[in-house]
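Participant: I'd like to ask you about the structure that follows.
The values are calculated or read from the model by the stated rules, or taken from the named source; none is laboratory data. The model shown is predicted, which means the values in this text are computed figures rather than measured ones. Here the Cβ positions follow ideal geometry from the backbone for every residue, glycine too, while neighbour counts run over all protein chains shown. Surface accessibility is based on the protein's heavy atoms, side chains included, excluding ligands, DNA and RNA. Shrake-Rupley method; radii C 1.70, N 1.55, O 1.52, S 1.80 Å.
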Amino acid sequence: MMDWDTLKAACAQCHNCTLGETRHNVVFGVGDEHAEVMFIGEGPGENEDLQGEPFVGAAGHLLDDMLEIIGLHRSQVYIANIVKCRPPHNRDPLNTEQDACIAYLRAQVALIQPKIIVCLGRIAAMRLIRSNFKITREHGQWTEKGGVQMMAIYHPSALLRDPDKRPDTFEDLKALQRQIHAICTHTHCQTPGAGQPSA
Ligand code: SF4
């Protein structure tokens, strides 16, 4: 198995798909490399591309707020994307681009060995849970794959566009909190988390 340094170095120089030609930075991932909980989105946006870190724009701030609701900080989890370079104009990553990049994510998962993976949005859920995953119907439902508990919630960008989805996401986050309490050993939610998400 590749170690972290080798993996990061390979990813930093990668041009396995055309997204490598237009990126400013590879957005590898961030957080605790021994995390029990991983959050996985589809790909970097503009701010992420410029800063080289996932979920740092408006959607990232909302993700931080969502974590806070269940008493978590991003430093306690690991956050990554299916593709590590920004798709132009924030379009969905193509299947060919996902195919080219997915080995990096699989290597990250192999190194981290999370107990829980939370897919952020439809694209990540379709790639990691099931190709015909329907986020509107199946968000918040647990699936076990390879010993990992997996769930999808709405992407924070979708919650920014459609605040009506937030109550559903609040329930999904509480389900995540219960799962963390049930199966994680060193991930401690700091607060009981009460009230609706406000951001
Ligand atoms: S998106 Fe992934 S496969 Fe494509 S160039 Fe970037 S790191 Fe390489």
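Participant: Considering only region 109-133, state which residues are over 21 Å from P44 (Cα atoms), touching a helix residue (DSSP H, G or I) at 6+ places or on another chain (Cβ under 7 Å) and among the aliphatic types (A, V, I, L, M).
Facilitator: L111, I116
Participant: Among the candidates D92, D64, which residue alone is at pLDDT 95 or above, farther than 18 Å from D172 by Cβ and open to solvent by 20 Å² or more (accessible area, probe 1.4 Å)?
Facilitator: D92
Participant: Name the residues in region 110-139 that are among the small types (G, A, S) and open to solvent by less than 20 Å² (accessible area, probe 1.4 Å), would you?
Facilitator: Matches in region 110-139: G121, A124, A125.
Participant: Quick test of your reading of the structure: I79 fulfils all but one of (1) assigned to a helix (DSSP H, G or I); (2) of a type outside the set (F, W, Y); (3) more than 13 Å from the ligand (Cβ to nearest atom). Name the failing condition by number.
Facilitator: (1)
Participant: Tell me, which residue of region 104-115 that is part of a helix (DSSP H, G or I) and of a type outside the set (A, V, I, L, M, F, W, C) is nearest to D3 (Cα to Cα)?
Facilitator: Step by step, filter region 104-115, then rank; the result is Q108.
Participant: Follow-up question, since we're still on this one. Failed condition for M1, given (1) open to solvent by 10 Å² or more (accessible area, probe 1.4 Å); (2) modelled with pLDDT of 95 or more; (3) assigned to a loop (DSSP other than H, G, I, E, B); (4) more than 14 Å from the ligand (Cβ to nearest atom), with all others met?
Facilitator: (2)
Participant: Residues of region 131-159 being of a type in the set (A, V, I, L, M, F, W, C) and within 21 Å of Q177 (Cβ to Cβ), which ones?
Facilitator: Of everything in region 131-159, those that are of a type in the set (A, V, I, L, M, F, W, C) and within 21 Å of Q177 (Cβ to Cβ) turn out to be I135, W142, V148, M150, M151, A152, I153, A158, L159.
Participant: Determine which single condition T187 fails, assuming it passes every other condition in (1) β-branched (V, I, T); (2) buried (at least 18 other Cβ atoms within 10 Å of the Cβ); (3) free of Cβ contacts under 8 Å to residues at least 24 places away in the same chain.
Facilitator: Tallying (1) β-branched (V, I, T); (2) buried (at least 18 other Cβ atoms within 10 Å of the Cβ); (3) free of Cβ contacts under 8 Å to residues at least 24 places away in the same chain, T187 fails exactly one: (3).
Participant: Condition test on K84, is it away from the ligand (no atom under 16 Å from the Cβ), in contact with a Lys or Arg (Cβ under 9 Å, 6 or more places away or on another chain) and of a type in the set (K, R)?
Facilitator: For K84, the condition - away from the ligand (no atom under 16 Å from the Cβ), in contact with a Lys or Arg (Cβ under 9 Å, 6 or more places away or on another chain) and of a type in the set (K, R) - is not met.
Participant: Could you grab me the full set of residues in region 38-60 that are under 26 Å from H186 (Cβ atoms) and not in a loop (DSSP other than H, G, I, E, B)?
Facilitator: Once the filter is applied, which keeps residues that are under 26 Å from H186 (Cβ atoms) and not in a loop (DSSP other than H, G, I, E, B), region 38-60 yields M38, F39, I40, G41, G60.
Participant: Moving on to the next point. Is it fair to say C101 is away from the ligand (no atom under 15 Å from the Cβ) and either open to solvent by less than 10 Å² (accessible area, probe 1.4 Å) or not in a loop (DSSP other than H, G, I, E, B) (or both)?
Facilitator: no
Participant: Tell me, please, whether a residue that is more than 13 Å from the ligand (Cβ to nearest atom), part of a loop (DSSP other than H, G, I, E, B), modelled with pLDDT of 95 or more and surrounded by fewer than 22 Cβ atoms within 10 Å (Cβ to Cβ) can be found in region 10-18.
Facilitator: No, region 10-18 contains no residue that is more than 13 Å from the ligand (Cβ to nearest atom), part of a loop (DSSP other than H, G, I, E, B), modelled with pLDDT of 95 or more and surrounded by fewer than 22 Cβ atoms within 10 Å (Cβ to Cβ).
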